[in-house]
Every structure is written in C-alpha cells, then in structure tokens.
Amino acid sequence: MTDSIMSKAATMEIPINSNGDTGNLPEDDSLEQDLQQVMVSGPNLNETSIVSGGYGGTAEGIIPTSSIKGPSMHHSGSSSSMTAEEASRGVAVEKFDIMKKWGLNTYKCTKQMISERFGRGSRTVDLELEAQIDVLRDTKRKYENVLRLARALTNHFYSMVQTQHALGDTFADLSQKSPELRDEFGYNAETQKLLCKNGETLLGAINFFVSSINTLVNKTMEDTLMTIKMYENARLEFDAYRADLEELNMGPRDAATLARIEMAQQEYQVHKDKYERLRNDVTIKLKFLEENKVKVMHKQLLLFHNAISAYFAGNQQQLEQTLKQFNIKLKPPGADKPSWLEEQ
C-alpha cells in the first residue's frame, strides 16, 4: 500500500500555502486520504526517542529528543557546507587560472621556438655572453674526459698496489720455507712492501685530485649551467612576448585591441626584467667560476705532478712531504671496512 501511495505522490504536485497547510486537491481525494494516513501512522519527529538497547530493546535508557532544536542545527550545517563549497570553488578557480596562464605561456614559447628553428622569427642575441657559455660547455666536456681518465688510472693503480701487496706476502712466505733462497726472497719481499706503501700514498694523492675535479665539474660548473639554462628559458619567453607585442602593435587600434596591447606591454616588461636579471646572474657566475677554476686547477695540477714524480723517482720522503703540503690525510688500512656491530 505504501508503494502505491508513494508512486501516486511522485506524479502529483501538492501546493503548500504560507502557513504550511496543503491546498485542496479536487482531482484525487483518495490520494489526499492516503497521504494523511501515512502522516498519522508515521513517527512524530518531535516525540522520537533513542533506544540504547537497539531494536526491540527495553525501555531503559530512552532519551527524548524533543529538546533538540532542529532549525538551528540545520542552519549551522548549511552555513558550514556553504563555506566549504565556496572554499573549494575558490581553489578550483585558482588552479584553472594557473593552468590557463601556463598553457598560454607554453603556446607562445613553442611558437617562438618553432619560428626560430625555421628562420622566421627573430631572437635576442648577446654575442659576448653566448661565446663565454660555449667556452664553458666545451671546457666541461674536456674536464669530464680528464676526470674519466683519472678514475681509470686510480682503478688500475689500485689493482697494481694490491698485486704488489700479495706478491710481497708470497715472497716473505717463500723466504721462510726456502732456506737456500731466503735472502733473495727476503729483499724482494721488502721491495714489494715498500712499493706497496708508496703506492698507497700515491693513491691518496690521486684520490684527492679526482675528488677535487669531480666537485669542480659536477657541482660548480653544473650549478652555473643550471643558471644558464634558466637564462635561456627566460630569453625564449622574453622573445615570445616581444613578438606577441609587436604583432598587436601592427594590428588595428580599437578599444579591445588597446586593452590587449596594454596587458601585453605589462607582460613584456615582466619577462624583460626577468631576462635581464638572469643575464646578470650568468655573467657574475661565469666570472667567479673562471677564477675558482684557475685557483683549483693550479693547486691540483701541482699536487698531481709532484706526487707522480716523487713516486716514480722512488723518493718516499718527497712523496710524503707532498701530501703534508696539501693537507692530505691517508686513511688507515681497513678504515673503509664496516665495524663488527655494522656487520651483525
């Protein structure tokens, strides 16, 4: 019966007057009677009780809800939902504006890039600065080659030192087990041990050389190249907005176009300031990088030369003095091995 009543109610409009009473429905008196019956038989919201014992429980713990004021709760809930809705709408609008600006900027920069590639667009060129940038990139490639070769030398020399160490131990063992060749095996063992010790000292100098070159190439130069990349992107944006402004200035001068020209002029000025600021940053970084490179390489090349010369001359004292001169401290044997606690 309830389903039939609700299906009838869904197809009828029940007029409500200002006092909340239903109007007359002359078209269907049975529907009105059915609705009245549902309202009478249904629960009274003002007299509804909450049973703590669950469905079918006892009457103990019944809490009357007639004291709860529904209108005030509904008002606070609706106001909080409206505030949350407005906040979410504001965030959505802000994200849309950001995406719109990004899309326009990407479109203009892509258009400018394609125009430059096909020789149709003009680009801002600083010949002196771009020449310095090309020199830096070429220098970085050459220094990366030096770093690669120095690491290869370190690996090969380390293998040779380990071989000398093993050979010295073998000679020492044979000198104990071969009485007729004890002296010969003995001084060969001492020679290999001395070469191994000097080799470890030279390895310390080469490792310091490799570490310094690595810092210069992969940190100092790379930091300057990152600033250069930002400068090149700013140059592309500046030329894109400059071309856009020039295109608008060549068009008709009506009210809508004048407003667009004014906005384009503002955007052009913003990107021009950004371009000039990054150009100054690149100029300053290139200057300091050149000074730092000369200072670092002067020290490292002197170290490399003195250490290699002393080692192959067999001058152990000069080799150790070279490391003291450049404040290089060798790690004791087994310093790189994990401790007993770390192995557990």
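Would you mind stating whether Asn188 is open to solvent by 20 Å² or more (accessible area, probe 1.4 Å) and either among the aliphatic types (A, V, I, L, M) or under 30 Å from Lys287 (Cα atoms) (or both)?
Details: open to solvent by 20 Å² or more (accessible area, probe 1.4 Å): yes; either among the aliphatic types (A, V, I, L, M) or under 30 Å from Lys287 (Cα atoms) (or both): no.
Taking the combined requirement at face value, the residue does not satisfy it.
Can you report the number of residues in the stretch 107-131 which are within 10 Å of Leu236 (Cβ to Cβ) and surrounded by 13 or more Cβ atoms within 10 Å (Cβ to Cβ)? I'd like the intermediate steps shown before the answer.
Here is the first cut: in the stretch 107-131, the residues within 10 Å of Leu236 (Cβ to Cβ) are 108-110, 112-113, 116, 123-124.
This time we only want the ones that are surrounded by 13 or more Cβ atoms within 10 Å (Cβ to Cβ), so: 108-109, 112-113, 116, 123.
Here the count works out to 6.
Please specify each residue of the stretch 307-333 satisfying the condition of being in contact (Cβ under 8 Å) with a residue 40 or more places away in the chain and polar (S, T, N, Q).
Gln316, Thr322, listed by residue number.
Determine if the stretch 316-339 includes at least one residue that is at pLDDT 90 or above and under 21 Å from Asn218 (Cβ atoms).
Looking for residues that are at pLDDT 90 or above and under 21 Å from Asn218 (Cβ atoms), one finds none in the stretch 316-339, hence no.
Over 29 Å from Lys197 (Cβ atoms) and either modelled with pLDDT under 90 or assigned to a helix (DSSP H, G or I) (or both): is that true of Lys299 in this structure?
In short, no.
Quick one: how many residues across the stretch 150-181 are of a type in the set (Gly, Ala, Ser), surrounded by 12 or more Cβ atoms within 10 Å (Cβ to Cβ) and under 17 Å from Ala205 (Cα atoms)?
1
Rundown of residues vs (1) out of contact with any Leu (no Cβ under 8 Å at 6 or more places or on another chain); (2) in a helix (DSSP H, G or I); (3) surrounded by 14 or more Cβ atoms within 10 Å (Cβ to Cβ), yes/no style:
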residue	(1), (2), (3)
Met263	yes, yes, no
Tyr268	no, yes, yes
Lys272	yes, yes, yes
Tyr275	yes, yes, yes
Val282	no, yes, yes
Leu323	no, yes, yes
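Kindly indicate whether Ala205 is touching a Cys at 6+ places or on another chain (Cβ under 6 Å) and in a helix (DSSP H, G or I).
no
Test Leu147 against the stated conditions and say whether it is open to solvent by less than 70 Å² (accessible area, probe 1.4 Å) and under 30 Å from Ala240 (Cα atoms).
On the way: open to solvent by less than 70 Å² (accessible area, probe 1.4 Å): yes; under 30 Å from Ala240 (Cα atoms): no.
Judged against the criteria, Leu147 is not a match.
Table: residues versus (1) modelled with pLDDT under 80; (2) under 37 Å from the mean Cα position of the chain (by Cα); (3) over 30 Å from Leu289 (Cα atoms).
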site: Tyr55; (1), (2), (3): yes, no, yes
site: Gly61; (1), (2), (3): yes, no, yes
site: Tyr107; (1), (2), (3): yes, yes, yes
site: Ile133; (1), (2), (3): no, yes, no
site: Asp138; (1), (2), (3): no, yes, no
site: Arg151; (1), (2), (3): no, yes, no
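Could you list all residues from the stretch 132-142 that are open to solvent by less than 50 Å² (accessible area, probe 1.4 Å) and not hydrophobic (A, V, I, L, M, F, W, C)?
Answer for the stretch 132-142, where residues must be open to solvent by less than 50 Å² (accessible area, probe 1.4 Å) and not hydrophobic (A, V, I, L, M, F, W, C): Thr139, Lys140.
Conditions (1) in contact with a Phe, Trp or Tyr (Cβ under 9 Å, 6 or more places away or on another chain); (2) assigned to a helix (DSSP H, G or I); (3) closer than 29 Å to Lys299 by Cβ, marked per residue:
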residue	(1), (2), (3)
Val135	no, yes, yes
Met160	no, yes, yes
Glu180	no, yes, no
Lys197	no, yes, yes
Met221	yes, yes, yes
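Any residue in the stretch 266-292 that's farther than 10 Å from Phe238 by Cβ: show its pairings with residues that are open to solvent by 70 Å² or more (accessible area, probe 1.4 Å) and among the acidic types (Asp, Glu) at Cβ separation under 8 Å, as long as the two are six or more apart or on different chains.
Matching pairs, first to second residue: Lys285/Asp223.
Let me confirm something: among Leu216, Leu194, Leu245, which residue is closer than 30 Å to His305 by Cβ and at pLDDT below 95? If you could, list the steps in order and put the result at the bottom.
On the way: Leu216 fails: at pLDDT below 95; Leu245 fails: closer than 30 Å to His305 by Cβ.
Result: Leu194 is the single residue among Leu216, Leu194, Leu245 that is closer than 30 Å to His305 by Cβ and at pLDDT below 95.
Leu236 fails exactly one of the following numbered conditions: (1) crowded, with 18+ Cβ neighbours inside 10 Å; (2) among the aliphatic types (A, V, I, L, M); (3) under 22 Å from the mean Cα position of the chain (by Cα). What is the number of that condition?
(3)
Are there any pairs, at least 6 apart or on different chains, whose C-beta atoms fall under 7 Å, with the first in the stretch 99-116 and on the phi < 0 side of the Ramachandran plot and the second part of a helix (DSSP H, G or I) and loosely packed, with under 12 Cβ neighbours inside 10 Å, and if so, which?
none
The values are calculated or read from the model by the stated rules, or taken from the named source; none is laboratory data. Bear in mind that the values here come from a model prediction, so they are computed numbers and not experimental data. Here Cβ is always computed from backbone atoms with ideal geometry, including for glycine, and neighbour counts include all displayed protein chains. These accessible areas exclude ligands, DNA and RNA; they are computed on the full protein's heavy atoms, side chains included. Shrake-Rupley method; radii C 1.70, N 1.55, O 1.52, S 1.80 Å.
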